[in-house]
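Engineer: Have a look at this one before I ask anything.
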Amino acid sequence: MNPHSLPRSRRSLWRPRQCLQRLVRSAITWAAIGASFGAPAATLDLAGYSDASGAITVQHGGDTVDPYFALQALLLAHSHGLDISVPAKAWGAWLLPRQKPDATFDRFCRNGPVWAACKTADADDSQLGLWLAFMDTLPAAQRSQAAWVRSRTATSAALAKLVDPGKGIYLVSPVYQHGLLMDNLELWEYAFTHRAAESARHPSFTKTLASVFWDGQRKRFLVSTQPGQRDTTHAFYPDAVAQIFPLLVRFPLIPGGARAHYRRWMEEHRTEWLAQVKGDFAWGLVAIVALQQNDIPSARCWLQTALPHRHSAHWTVTDEVAAQILQARAITPAPETTACTVPSNSSHPAS
């Protein structure tokens, strides 16, 4: 969560004791910041997810590689200060030669020691955008190599072809001609993916997303531009996840403000979220939103309920990254005596 400076009262300048207290607090704060800058970043550990070839599986010891999940996990770790250099270098070397002539990627299944393409991607738009963002995390000497330059050019061109000029948003793929809120928000997160979607008709990708996906009548974000979105049966994914996803990428145009939106989401879905790990997946991305919103109690409750399922069939590489981000911040699981599935004021960030 970005800090906001508060205006300082002129009267405080005439209160020596308060001034001294502020100076002491500031000195302590800057000393802590300086120490953190001097400390090495925690290193992302993907043991059990990354094999000797550099492939990163969706699950621990798994037999499936979905480039989307690996890219999402690496970028999440990078954006929260973890050192991803070792797995990123190996992953890039593994995936780059597997990029198809149209710049898209398949999903891969293990056949003995060999990884073979076995399924097409769920969505081209977000995967292409995350691949571009991943390239920017690599050392300049690596991404300036000819193969990487060619990949960037081809990927950018393929992504630009997915823009719907009428709506000003990205479509899922040449086959699936509709737009998804979460895919578009992932593309919105990176400034370089704004340009292809913006035009004289749609000069602001930010405003376009708000106008296309916000349902003013129901006060909710639409999951998709497909017909019938207001009549679908509720499911945690994609319905509830779509409502909190704008906060994950810090999308600014949230009616009522991010804090109120977050509190309302937790009131409605906190218990449902923490129960997901028992039958679906752990959804560590929501714990990262809690961290960003300074809702440490909810992040600790996620660790309490989800960590017993670590590396299980309900745990993805993204959940593993979420857990390591929290642990790098010295956030520990809530005590077993904490009633984590009961919403309370402690689950809301302080004003």
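Engineer: Please go through the stretch 211-241 and pick out each residue that is in a helix (DSSP H, G or I), in contact (Cβ under 8 Å) with a residue 40 or more places away in the chain and open to solvent by 20 Å² or more (accessible area, probe 1.4 Å).
Structural biologist: Val212, Tyr237, Pro238 - these are the residues of the stretch 211-241 that are in a helix (DSSP H, G or I), in contact (Cβ under 8 Å) with a residue 40 or more places away in the chain and open to solvent by 20 Å² or more (accessible area, probe 1.4 Å).
Engineer: Looking only at helices (runs of 4 or more DSSP H) that lie completely in the stretch 242-340, which have at least 2 residues being at negative phi, of a type in the set (D, E, K, R) and surrounded by fewer than 19 Cβ atoms within 10 Å (Cβ to Cβ)?
Structural biologist: On the way: elements: 258-275, 284-292, 296-306, 317-328.
Those helices (runs of 4 or more DSSP H) span 258-275.
Engineer: Turning to a different aspect of this structure: Report, ordered by the first and then the second residue, all pairs with beta carbons closer than 7 Å, sequence separation of six or more or different chains, a first member in the stretch 302-329 that is over 18 Å from Thr43 (Cβ atoms) and among the hydroxyl-bearing types (Ser, Thr, Tyr), and a second member that is in a helix (DSSP H, G or I) and modelled with pLDDT of 95 or more.
Structural biologist: Sorted first by the residue in the stretch 302-329, then by its partner, the pairs are Thr305/Leu274; Thr305/Val277; Thr316/Phe69.
Engineer: In the stretch 146-171, how many residues are part of a strand (DSSP E or B), more than 14 Å from Ala123 (Cβ to Cβ) and of a type in the set (A, V, I, L, M)?
Structural biologist: Taking the stretch 146-171 as the starting set, the residues that turn out to be part of a strand (DSSP E or B) are 163-164, 169-170.
In the following step, the residues that additionally are more than 14 Å from Ala123 (Cβ to Cβ) were identified as 163-164.
In the following step, the residues that additionally are of a type in the set (A, V, I, L, M) were identified as 163.
Looking only at that region, the number is 1.
Engineer: If I ask for residues that are open to solvent by less than 20 Å² (accessible area, probe 1.4 Å) and not in a helix (DSSP H, G or I), which ones from the stretch 172-208 would you list?
Structural biologist: Once the filter is applied, which keeps residues that are open to solvent by less than 20 Å² (accessible area, probe 1.4 Å) and not in a helix (DSSP H, G or I), the stretch 172-208 yields Val172, Ser173, Gly179.
Engineer: Something else now. Among what's in the stretch 47-60 and is open to solvent by less than 10 Å² (accessible area, probe 1.4 Å) and of a type in the set (A, V, I, L, M), pick the residue that is nearest to the chain's Cα centre (by Cα).
Structural biologist: Here is the first cut: in the stretch 47-60, the ones open to solvent by less than 10 Å² (accessible area, probe 1.4 Å) are 49, 54-57.
Among the residues that remain, those that are also of a type in the set (A, V, I, L, M) are: 55-56.
Values: Ala55: 20, Ile56: 17 Å.
Applying the filter and picking the extreme gives Ile56.
Engineer: Still on this model: Residues in the stretch 147-171 that are over 21 Å from Lys100 (Cα atoms) and buried (at least 20 other Cβ atoms within 10 Å of the Cβ): how many? Working first, answer last.
Structural biologist: Taking the stretch 147-171 and keeping what is over 21 Å from Lys100 (Cα atoms), we get 164-169.
Filter once more, keeping what is buried (at least 20 other Cβ atoms within 10 Å of the Cβ): 168-169.
Residues flagged as over 21 Å from Lys100 (Cα atoms) and buried (at least 20 other Cβ atoms within 10 Å of the Cβ) within the stretch 147-171 amount to 2.
Engineer: Let me ask something else. Mind checking which residues of the stretch 157-173 are touching a Ser or Thr at 6+ places or on another chain (Cβ under 9 Å) and either farther than 19 Å from Ser211 by Cβ or not hydroxyl-bearing (Ser, Thr, Tyr) (or both)?
Structural biologist: Restricting attention to the stretch 157-173, the residues satisfying the condition of being touching a Ser or Thr at 6+ places or on another chain (Cβ under 9 Å) are 158-159, 162-165, 167-173.
Hits for the stretch 157-173 are Ala158, Leu159, Leu162, Val163, Asp164, Pro165, Lys167, Gly168, Ile169, Leu171, Val172, Ser173.
Engineer: Go through the stretch 86-127 and count every residue that is small (Gly, Ala, Ser), touching a residue at least 12 places away in the same chain (Cβ under 8 Å) and either more than 21 Å from Asn184 (Cα to Cα) or open to solvent by 30 Å² or more (accessible area, probe 1.4 Å) (or both). Explain how you work it out, then say what you get.
Structural biologist: Just the residues of the stretch 86-127 that are small (Gly, Ala, Ser), to begin with: 88, 90, 92-93, 103, 112, 116-117, 121, 123, 126.
From what's left, touching a residue at least 12 places away in the same chain (Cβ under 8 Å): 88, 90, 92-93, 103, 117, 121, 123, 126.
Now restrict to residues that are either more than 21 Å from Asn184 (Cα to Cα) or open to solvent by 30 Å² or more (accessible area, probe 1.4 Å) (or both): 88, 90, 92-93, 117.
Total satisfying the criteria: 5.
Engineer: Any residue in the stretch 130-139 that is in contact (Cβ under 8 Å) with a residue 40 or more places away in the chain, touching a helix residue (DSSP H, G or I) at 6+ places or on another chain (Cβ under 6 Å), within 19 Å of Asp51 (Cβ to Cβ) and polar (S, T, N, Q)?
Structural biologist: No.
The values are calculated or read from the model by the stated rules, or taken from the named source; none is laboratory data. Because the structure is a prediction, the values reported are computed rather than measured. Positions of Cβ are generated from backbone atoms using ideal geometry, with glycine treated the same way; all protein chains shown enter the neighbour counts. Surface accessibility is based on the protein's heavy atoms, side chains included, excluding ligands, DNA and RNA. Shrake-Rupley method; radii C 1.70, N 1.55, O 1.52, S 1.80 Å.
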